[in-house]
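Taking it in order: structure first as structure tokens, then the write-up.
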Amino acid sequence: MPYSAAHREKTRAKIVETARILFNRHGFQNVTIDQVMREAGLTRGGFYNHFKTKEALFSEAVSSFLMGRGAEWREDAGIDLSNLKPEMAGQMIDAYLSPQHLGDIDGQCPMIALPSDVARADPETQAAFQKLLTAMVWLLETAISPENANRRNDALSAAALCVGGMVLARTLPSSELAEEVRAAAHRTALKAVNP
């Protein structure tokens, strides 16, 4: 008896979320299809019912963050995409550049966890990554006061500080310098959205 479309969709989502977490922990090259499927509680043969390649899975894992774990993260930060207010730019920066986000390897944004892997990935994965950055910039730019004539530039600067600060801090685990980098990026990003 064939599985229902709902079951198939649920299984695919489980594979994608499992892969997203494993890619965050170990990087693209160090994760195998066998690992993903085993961790998801499925057989390797089932992988090819959902994806043609590991690269296709990687692209979807990056893309899934925006409306998956990223949506949970925005909700926890009090960000309402249907009613963005100027203070929400600061709320986003506070949450993105928080010690909690830095320590949450499994739930981390792919822009922090996977930039080097994505730089070497296929165009589909790079487009998914760009979509994440575009969404972050849009949120910041939309939330910045309309009186700010440099909204776009300030939003881009804040996004670069958020991602870059966290990437650097992540590469320096358990280091005082990591905390200094994260905190400095946080302060400066807040100034960018509230000049």
With criteria (1) free of Cβ contacts under 8 Å to residues at least 60 places away in the same chain; (2) not assigned by TED's automatic domain parsing to the domain that holds Glu141, Ser82 comes up short on (2)
Ala113: of a type outside the set (Lys, Arg), in contact with a Gly (Cβ under 9 Å, 6 or more places away or on another chain) and closer than 24 Å to Ser174 by Cα, yes or no?
yes
I'm trying to understand the selection: among the residues of the stretch 162-187, which are over 20 Å from Asn24 (Cα atoms) and buried (at least 17 other Cβ atoms within 10 Å of the Cβ)?
Val181, Ala185, His186
Among helices (runs of 4 or more DSSP H) entirely inside the stretch 9-91, those with 1 or more residues being within 18 Å of Gln108 (Cβ to Cβ) and either modelled with pLDDT of 95 or more or aliphatic (A, V, I, L, M) (or both) are 33-39, 54-64, 69-76
Out of curiosity, is Arg25 crowded, with 18+ Cβ neighbours inside 10 Å, of a type outside the set (A, V, I, L, M), outside the structural domain of Ile105 (by TED's automatic domain parsing) and within 19 Å of the chain's Cα centre (by Cα)?
no
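The values are calculated or read from the model by the stated rules, or taken from the named source; none is laboratory data. Predicted model, so just to flag it, every value in this text is computed and none were measured. For neighbour counting, all protein chains shown are included, and Cβ atoms are generated from backbone atoms with ideal geometry for every residue, glycine included.
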